[in-house]
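Inspection log for the structure reproduced underneath, given as C-alpha cells.
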Amino acid sequence: MNEQQYTTLKEQLTPQTPVSLNVLKAFGVGGVICTIGQAISYFYMMFFDFTEKTVGNPTVATMIFLAMLLTGFGYYRKLGQFAGAGSAVPVTGFGNAVISAAIEYKTEGFVLGVGGNMFKLAGAVILFGVVSAFFVGLVKLILVSVGVASW
C-alpha cells in the first residue's frame with residue numbers, strides 16, 4: 001500500500017466530526033453553567049446581603065464546590081464527554097481538574113498521592129493567576145502614585 005492509497009483509505013474510514021453540533025452543545029452547556037452561576041449570585045444577594053461587587057467570591061466558590069461534588073459522583077465526566085469545552089472553560093472546569101487528579105492518585109496516599117498530584121494540572125492556572133494579579137496590582141499602584149488613576 002502506498003501513501004496515496006493509505007490517505008484515501010484513512011479518509012474513507014475516519015468518521016466525520018460534527019463540528020457545528022459540538023459547538024452548539026458546548027455553547028448550550030456553557031450557557032447553562034453560567035446561568036446557574038448567575039442564579040447563585042442572585043440567591044446570595046437576596047438572602048445573604050451581598051452586593052454586586054462582593055457576590056463574586058462566594059459564587060465562584062459555590063460553583064467550584066458543585067463541580068467537585070459532581071466530579072466525585074461521576075457526573076461531570078459524562079457532562080464533559082457530552083459538552084466538551086462547554087464544561088471545561090467555565091470555572092467549574094477548574095474544580096473538575098483539581099478533584100479529578102485527587103481522585104486518580106488517592107491510592108498513593110494523602111500526602112504523596114493526593115497532595116502531590118492534585119495541583120499538577122491546575123497549578124499552572126493558579127500560578128499564572130497569582131503572578132498576573134501581582135503585576136496588574138503593581139501597574140495600578142504606579143498609576144495611582146503618578147496621579148493617572150485613583151483607587
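The values are calculated or read from the model by the stated rules, or taken from the named source; none is laboratory data. The shown structure was predicted, so the numbers you read here are calculated from the model rather than taken from an experiment. Glycine also receives a Cβ, built like all others from the backbone with ideal geometry; neighbour counts cover every protein chain displayed. The area values use the complete protein model at the heavy-atom level, side chains included, leaving out ligands, DNA and RNA. Shrake-Rupley method; radii C 1.70, N 1.55, O 1.52, S 1.80 Å.
Check off (1) open to solvent by 70 Å² or more (accessible area, probe 1.4 Å); (2) over 27 Å from Thr17 (Cβ atoms); (3) in contact (Cβ under 8 Å) with a residue 24 or more places away in the chain for Phe82 and give me the number that stays unchecked.
(2)
Starting from the stretch 91-108, keep only residues that are more than 25 Å from Gln38 (Cα to Cα), then list their pairs with residues that are open to solvent by 40 Å² or more (accessible area, probe 1.4 Å) and among the aromatic types (Phe, Trp, Tyr) whose Cβ atoms are within a distance under 8 Å, requiring at least 6 positions of separation or different chains.
Ala101/Phe119
Select, from Val148, Val139, Val111, Val130, the only residue that is free of Cβ contacts under 8 Å to residues at least 40 places away in the same chain and within 18 Å of the chain's Cα centre (by Cα).
That would be Val130, the only listed residue that is free of Cβ contacts under 8 Å to residues at least 40 places away in the same chain and within 18 Å of the chain's Cα centre (by Cα).
Hey, could you check the stretch 114-127 for residues that are of a type in the set (A, V, I, L, M, F, W, C) and either touching a residue at least 60 places away in the same chain (Cβ under 8 Å) or touching a helix residue (DSSP H, G or I) at 6+ places or on another chain (Cβ under 8 Å) (or both) and say which is farthest from Pro18 (Cα to Cα)?
Val114
Scan Thr7, Thr35 and give me the residue that is farther than 23 Å from Phe128 by Cβ and either open to solvent by 60 Å² or more (accessible area, probe 1.4 Å) or not in a helix (DSSP H, G or I) (or both).
Thr35
Which of the residues spanning the stretch 102-143 are aromatic (Phe, Trp, Tyr) and open to solvent by 90 Å² or more (accessible area, probe 1.4 Å)?
Phe110, Phe119, Phe128, Phe134, Phe135
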